[in-house]
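Written below as structure tokens is the structure these notes are about.
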Amino acid sequence: MPGPTGVLDDPAMQGRVLFRDAYVVTMDDAAAEHERGWILVSDGLIEDVGAGDPPEADRTVELDGALVMPGLVNTHHHLYQTLTRARAQQATLFEWLTELYPVWARLDAEAEYAAARTGLAELALSGCSTVFDHHYVFPRGREGILEAEVRAARELGVRIVAARGSMDLGASAGGLPPDSLVEDVDAILADTERLTALQDGAFVQIAVAPCSPFSVTSRLLEESAALARARGLVLHTHLAETLDEADYCRRVYGCSPVEYLDSLGWLAGDVWCAHCIHLSDRDVARFAETRTGVAHCPTSNLRLGSGVAPVRQLLDAGVRVGLGVDGSASNERSDLLFEAKQALLAARGRGGPGAMTAREALRLATRGGAELLHRPDLGVLERGRRADFAVWRTDGLEFGGADDPVAELVLAGPQRVDRLVVGGEEVVREGRLVRADEREIAREQRVQARRFAA
């Protein structure tokens, strides 16, 4: 069947706009899917979703049987790392970090802007409408770094949750990062407070994210949590990523990484942690009890040889789980749809063919991510939610012979999105960025990347 043909001249779609004749996967509580379905959009919100005879609208976009899903939600990234891909290719996490910390010390706002545009564009072209970025590298004397990535996101038209990350435990005090990259706790907290002014309630959200147990002090963790909770911000950190981290925590803190965070009040419903590979049964139960979430990053975990997270066990225990592509220096492709495929394959490699379905993987990439970010307005196609959705053609070679287009989207991935709508406005149309030139982004990123050459 043909792909989407309705093209709007103006990316800002005013009035009531009807997207019709699509296979709509809602991700709602009933897991409803509408063959020959439609979505009615008005003022940046979903006015209605259904099947059968569509309602009247000011404009109509024919999707000709394409597959439509909620915009994907990325829950862990380091956008600046697009500048340093394919480095330390056979290193463990600690070796990889030790090699790259001095390189990342060259970062400034100009490089961050170019890097962020690249990573955000890649994600948008994979169907991702909301991006969480954990930025924790702030070289001394360099200003405007987080603002640069927020500017990049606003220009491209995607939503961003920008985390003011931090490190205050340098090598001389027993941490992993070099002393030149750590900051003063009071300065970190003051800057975090300052950056909250960037929030707009819809497209820009600020999070608080000390980096990891081996790069921050207990004081920074505790005071960051207090600040976040006073300001209603979400909390994030890396946790239980490697056995080296587990050994570090037992040597320095006398307990496991999860026990350490728990002792500091960091297991709670406003927290989600990246990776969480090396968890005990007790850890999983504690995550479920406290409603602590997990950003699953299967490609990065495998690329660094860190292990495979127990995602099936986490889901069965009721733990909130989303997907993250992680930084482009440990997963060289910022493609969240591909990450859904990797999550499915990793789960099956660990637990057999019944460990995860394609629809479960897609739920992690949509509603699961929105739940981690505390964004009930995202991740589901239903009345009153934000009009964020991705459209994939189903007339390509890879869909031939597939009687389940939803499963095929995952199993045959990655697939470039044909259309991405965020807040009712087109960000991608016919597989191309609407608000930016992909080739220009690539050229400018390469100019900046040369500054980070080995």
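Descriptive notes on the structure:
- Restricting the GluC sites (Glu not before Pro) of the range 21-71 to loop positions (DSSP other than H, G, I, E, B) with no more than 13 neighbouring Cβ atoms within 10 Å leaves GLU56.
- Estimated at 0.36 nm per residue, the fully extended path between ALA109 and ARG439 surpasses their Cα-Cα distance by 116.7 nm.
- The three principal axes of the Cα atoms in the chain give end-to-end lengths of 67, 44, 42 Å, sorted in falling order.
- Length, then width, then depth: along the principal axes, the Cα atoms of the range 306-410 run 36, 36, 31 Å.
- 0 to 90° range, to nearest 10: angle between helix 218-231 axis and the chain longest Cα axis: 40 degrees
- Between GLU222 and THR290, the C-beta separation translates, for a Förster distance of 25 Å, into a calculated FRET efficiency of about 0.95.
- Nearest-ten-degree value, helix 145-156 long axis tilted from longest Cα axis of the chain: 10 degrees
- Taking θ as phi - 60° and the Karplus parameters 6.51, -1.76 and 1.60, the scalar couplings of the range 171-183 work out to 4, 5, 9, x, x, 8, x, x, 4, 5, 9, 9, 10 Hz in sequence order, x denoting glycine and proline.
- Sites CYS255 and GLN90 - FRET efficiency at Förster radius 30 Å, r taken between beta-carbons, to 0.05: 0.45
- At most 15 other Cβ within 10 Å, DSSP loop - trypsin sites (Lys or Arg not before Pro), the range 94-154: ARG106, ARG140
- By the helix-only formula, in which each DSSP H run with n ≥ 4 contributes -39500 (n - 2.57) and the sum is divided by residues, the chain has a 222 nm mean residue ellipticity of -9500 deg cm²/dmol.
- If R0 is 30 Å, the Cβ-Cβ spacing of ALA454 and LEU397 corresponds to a FRET efficiency of close to 0.15.
- Other-chain or far-sequence residues with amide H under 5 Å of LEU239's (modelled H): ALA274, CYS276
- Secondary structure note: in the chain, about 45% of the DSSP beta bridges are antiparallel.
- HN-Hα J in Hz across the range 388-403 - Karplus 6.51, -1.76, 1.60, θ = phi - 60°, x for Gly and Pro: 10, 8, 10, 10, 10, 5, 10, 9, x, 4, 6, 8, x, x, 8, 8
- Between the Cα long axis of helix 336-351 and the first principal axis of the chain there is an angle of about 70°, rounded to the nearest 10.
- Accessible surface calculations at 1.4 Å, restricted to protein heavy atoms, place the chain at 36 Å² per residue.
- Sequence-distant residues sharing a close amide H with ALA105 (under 5 Å, placed H): none
The values are calculated or read from the model by the stated rules, or taken from the named source; none is laboratory data. Quick caveat, the model's predicted, so the values are computed rather than measured. So basically every Cβ, Gly included, is an ideal-geometry build from the backbone, and we count neighbours across all protein chains shown. Keep in mind that these areas ignore ligands, DNA and RNA; they rest on the heavy atoms of the full protein, side chains included. Shrake-Rupley method; radii C 1.70, N 1.55, O 1.52, S 1.80 Å.
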